[in-house]
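Structure first, then comments.
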Amino acid sequence: MTHEAAPPGPALTRATPARTLLPLFLPSVVVGAVSALLYVGVSKLADQLKDVLWTDLPDALDIGGYSSLWMIVMLTTTGILVGLVVWKAPGHAGPDPATVGIQGEPMALFILPGLLVATALMLAGGPSLGPENPIIATNVALAFWAGRRFAPAAPGVLWVTLAEAGTIGALFGTPVAAALVISEALAGRQVKGLLWDNLFAPLTAASVGSITTSLIGHPSFDLDLPPLGDPGWADVLSALVIASAAAVLGMAAVYVFPYVHKVFSLLRHPMIALPVGGLVLGLLGCLGGPLTLFKGLEQVDEIARNPDAYSAGRYALMAVVKLAALVVATSCGFRGGRIFPAVFAGASFGLCAHALVSSVPASLGLAAGVLGVLLATTRQGWVSLFTAAVLVSSPTIIALLCIASLPAWLLVTGRPQLQLREDGSSVR
């Protein structure tokens with residue numbers, strides 16, 4: 001009797017020796033720390049300028065800081081100032097923000113000063129964008145330049161990955177977000193070695209970035225909402241419906257985005273497009289109220305502090321206005337990211353559901369709303385789940401969000417994204 005040879009088993013992934021990983025530790029620490037310091041520095045500078053523009057100056061003029069007139073004046077003025085930077089700065093403060101995602105190619109160093117000035121003015125002036133895209137782009141360019149100069153033998157992608165991880169860790173105040181983003185990116189690449197070997201250096205950078213920000217910037221995503229108890233069938237249904245409806249709302253902004261961008265591109269010159277965009281944002285601020293201005297993170301904390309302070313109609317209006325402001329701000333050329341404003345839009349939508357149906361817990365509604373809008377606007381599944389969960393900080397919410405993400409993801413996957421190609425068509 002003959003015996004057939006057993007089929008070969010799956011090839012085992014070889015682990016990376018510690019002597020290979022250890023030299024990456026110090027560069028990862030440096031990149032993570034510098035990434036956090038740049039983020040905190042720009043944020044604090046923007047906050048000080050914001051206090052001058054929205055508190056000190058209107059008080060000196062005896063004008064209401066958040067009156068309709070002042071919002072229109074400030075947003076239009078911000079458009080003029082950012083327009084000047086985009087027009088005159090070397091490199092025009094980077095590429096069209098509508099064509100840039102959270103990850104991109106390293107920029108030339110001469111572009112960075114204009115990009116940082118435009119970002120600080122935007123953060124202080126009130127447009128509905130966050131700091132994430134410009135800060136990540138700046139840190140990536142600096143790390144790539146330094147890495148190629150001082151360690152030319154190392155692959156360039158290493159420095160890009162470290163800077164992205166360090167900045168994301170600093171932005172969210174935790175390395176978990178960076179680990180999720182990097183692992184999601186690695187899943188789409190042909191990488192060798194164990195996952196944790198590939199995450200060793202980025203996770204180090206993210207950990208240092210997050211702890212540096214926590215020590216000097218004291219960020220917090222926890223909204224102190226009441227924790228959920230044991231979930232019931234009604235909670236499961238609520239999470240499914242709210243997340244899916246929020247994803248549909250987010251997709252409405254995605255589909256409108258290329259048309260709004262085309263309208264502003266017809267204005268051609270940044271000294272026309274940005275002031276006009278600022279004026280439109282000022283009018284939207286008058287419609288939605290002061291809470292719909294700025295990047296949105298502090299405003300999420302304000303509405304979550306008293307979820308019953310506004311009616312369902314008011315929350316719905318703020319969600320729609322915030323998404324409209326996000327689309328306009330990106331389309332007209334303001335430099336900024338889209339995650340934080342989308343968080344506010346999702347939170348408002350979720351609290352609208354709570355106001356409509358009082359049996360829906362505010363924490364569940366808010367988290368599910370954030371999940372749906374982020375899935376539609378970022379197409380980053382792990383970041384969407386993580387951000388929605390960390391806002392509530394309840395172990396129970398994680399299972400509900402994972403269930404709710406499934407139909408919401410089916411609604412958004414394969415469809416246009418909130419990012420355009422250089423020819424104006426949507427990225428899919």
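Just a few scattered comments:
- Scanning the stretch 308-344 for residues that are closer than 26 Å to residue 134 by Cβ, assigned to a loop (DSSP other than H, G, I, E, B) and either touching a His at 6+ places or on another chain (Cβ under 6 Å) or aromatic (Phe, Trp, Tyr) (or both) yields a single hit, 334.
- Flag for residue 107 being within 19 Å of residue 419 (Cβ to Cβ) and without any contact (Cβ under 8 Å) to a residue 60 or more places away in the chain: yes
- Qualifying residue in the stretch 86-99 (condition: in a helix (DSSP H, G or I), of a type in the set (Ser, Thr, Tyr) and closer than 20 Å to residue 265 by Cβ): yes
- Meets criteria (in contact with a Leu (Cβ under 7 Å, 6 or more places away or on another chain) and either surrounded by 17 or more Cβ atoms within 10 Å (Cβ to Cβ) or of a type in the set (Val, Ile, Thr) (or both)) for residue 77: no
- Within the option set 68, 128, being hydroxyl-bearing (Ser, Thr, Tyr) and out of contact with any Pro (no Cβ under 8 Å at 6 or more places or on another chain) holds for one residue only, 68.
- Selected residue (criterion: farthest from residue 142 (Cα to Cα)) from residues of the stretch 80-101 that are in contact (Cβ under 8 Å) with a residue 40 or more places away in the chain and buried (at least 20 other Cβ atoms within 10 Å of the Cβ): 83
- Some residue of the stretch 328-347 being more than 27 Å from residue 122 (Cα to Cα) and modelled with pLDDT under 95: no
- Test: residue in the stretch 110-126 that is in contact with a strand residue (DSSP E or B) (Cβ under 7 Å, 6 or more places away or on another chain) and either at pLDDT below 90 or not polar (S, T, N, Q) (or both): no
- Near pairs, Cβ below 8 angstrom, 6+ apart or cross-chain, from the stretch 345-361 (part of a helix (DSSP H, G or I)) to any residue that is among the polar types (S, T, N, Q) and crowded, with 24+ Cβ neighbours inside 10 Å: 353/238
- Filter result (within 20 Å of residue 348 (Cα to Cα) and part of a loop (DSSP other than H, G, I, E, B)) within the stretch 381-423: 393, 394, 418
- From the options 274, 267, 225, residue that is part of a loop (DSSP other than H, G, I, E, B), at pLDDT 80 or above, outside the structural domain of residue 77 (by TED's automatic domain parsing) and over 19 Å from the mean Cα position of the chain (by Cα): 267
- Being touching a helix residue (DSSP H, G or I) at 6+ places or on another chain (Cβ under 9 Å), in a helix (DSSP H, G or I) and either modelled with pLDDT under 90 or surrounded by 23 or more Cβ atoms within 10 Å (Cβ to Cβ) (or both) is a property that residue 220 lacks.
- Counting residues in the stretch 130-147 that are in contact (Cβ under 8 Å) with a residue 40 or more places away in the chain, at positive phi, buried (at least 21 other Cβ atoms within 10 Å of the Cβ) and in contact with a Lys or Arg (Cβ under 9 Å, 6 or more places away or on another chain) gives zero.
The values are calculated or read from the model by the stated rules, or taken from the named source; none is laboratory data. Computed from a predicted model, the values in this text were never measured in an experiment. Glycine also receives a Cβ, built like all others from the backbone with ideal geometry; neighbour counts cover every protein chain displayed.
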